[in-house]
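Heads up: the structure comes next, in structure tokens.
The values are calculated or read from the model by the stated rules, or taken from the named source; none is laboratory data. A quick note: this is a predicted structure, and the numbers were derived from the prediction, not measured. Methodologically, a virtual Cβ is constructed for each residue, glycine included, from the backbone with ideal geometry; neighbour enumeration extends over all protein chains shown.
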Amino acid sequence: MEIRHKVMRRLLGAFLTLLLTPLAAADSGELIFGVYPYLSPSQTVEQFAPLKTHLSKALGRPVSLRSSPDFLKFVERTRAGEYDIIFTAPHMGRLAEKRDGYRPLAQTGYPIVVVAVTKINSPVESLGALHNRSLAVGTQLSMTYQIMNQALNNTGLELGKNVHFVDTATFSNVLTAVLRGEADAGATGTLLWDSAPAAQRAQLREIYRSPPVPGFLLLGHPRLGAETLQQLQHALFAFAETSAGHTYFAKTQQIDFRPLDAATMKRIDPFVAVFEKP
């Protein structure tokens, strides 16, 4: 019992550290690695610990993992320069580049593809059948929300109007919301859908799959300087060749980290508008 309490206290401490307001610590040598909150705190810690360790070894300095309570807070913290490195959604990365001066480092080989799912015995067979029904999405500021809203618009529907929006806070909760009957359908990326427990997938079926858009982005704060940014980029590209990288990419299905060019960044521009609305 005492051992279990110690483990729980350790995990709680990790979660609190992850969500505490981060302060950039370039002067002390520590780098703050910010991961946008598309996963639960426990999943973020588990998934990104190997990458954090790899970057720390490659740079010869400590790297501390951080996130935030929600998407908007992550955008605010990025603007304030509280992260030295960020792993983020494409539209949030493009905003960080254009508005906050972050330098693009890499993109995942995995492009973002969104699926909408419903219970296997649901009468909902297509997006058009969601009229006056509900759709669970992680958060309104997400790429998934915008992609789904565009797809619904093509059928004459709109999230928040004739399709009720169920905000699940993180994408880890989307499938559960559908299974519990809290939403008629749910939308999430294929990374989470493909890795969902078999027991969940057996109770659900796809009704929509989107065309791909650029994947997750990694960017660095300009205060790190050209030399450190270049070291970071090389470390990211080399990660796939390490044993830890093999495990990481097999589990996350992100494929690899690869170069990120200006043309790719420009393709993301239409999705940045969500942050410019009053």
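When residue 203 is evaluated against the numbered criteria (1) assigned by TED's automatic domain parsing to the domain that holds residue 129; (2) touching a residue at least 60 places away in the same chain (Cβ under 8 Å); (3) crowded, with 20+ Cβ neighbours inside 10 Å, which criterion, by number, is the only one it fails?
(3)
Restrict the check to segment 216-237 and report whether at least one residue is exposed (fewer than 13 other Cβ atoms within 10 Å of the Cβ) and more than 30 Å from residue 100 (Cα to Cα).
No; the residues of segment 216-237 include none that is exposed (fewer than 13 other Cβ atoms within 10 Å of the Cβ) and more than 30 Å from residue 100 (Cα to Cα).
For residue 99, only one of the following conditions fails: (1) buried (at least 16 other Cβ atoms within 10 Å of the Cβ); (2) farther than 28 Å from residue 255 by Cβ; (3) charged (D, E, K, R); (4) outside the structural domain of residue 198 (by TED's automatic domain parsing). What is its number?
(1) is the only condition that residue 99 fails.
Out of the residues in segment 251-264 that are part of a helix (DSSP H, G or I) and either assigned by TED's automatic domain parsing to the domain that holds residue 190 or not aliphatic (A, V, I, L, M) (or both), which is surrounded by the fewest Cβ atoms within 10 Å (Cβ to Cβ)?
The extreme case among them is 251.
Wholly within segment 1-116, which strands (runs of 3 or more DSSP E) include no fewer than the required count, namely at least 2 residues that are at pLDDT 95 or above and of a type in the set (S, T, N, Q)?
103-108
Are there any pairs, at least 6 apart or on different chains, whose C-beta atoms fall under 6 Å, with the first in segment 82-110 and within 15 Å of residue 214 (Cα to Cα) and the second assigned to a loop (DSSP other than H, G, I, E, B) and acidic (Asp, Glu), and if so, which?
Correct list of pairs: 109/256.
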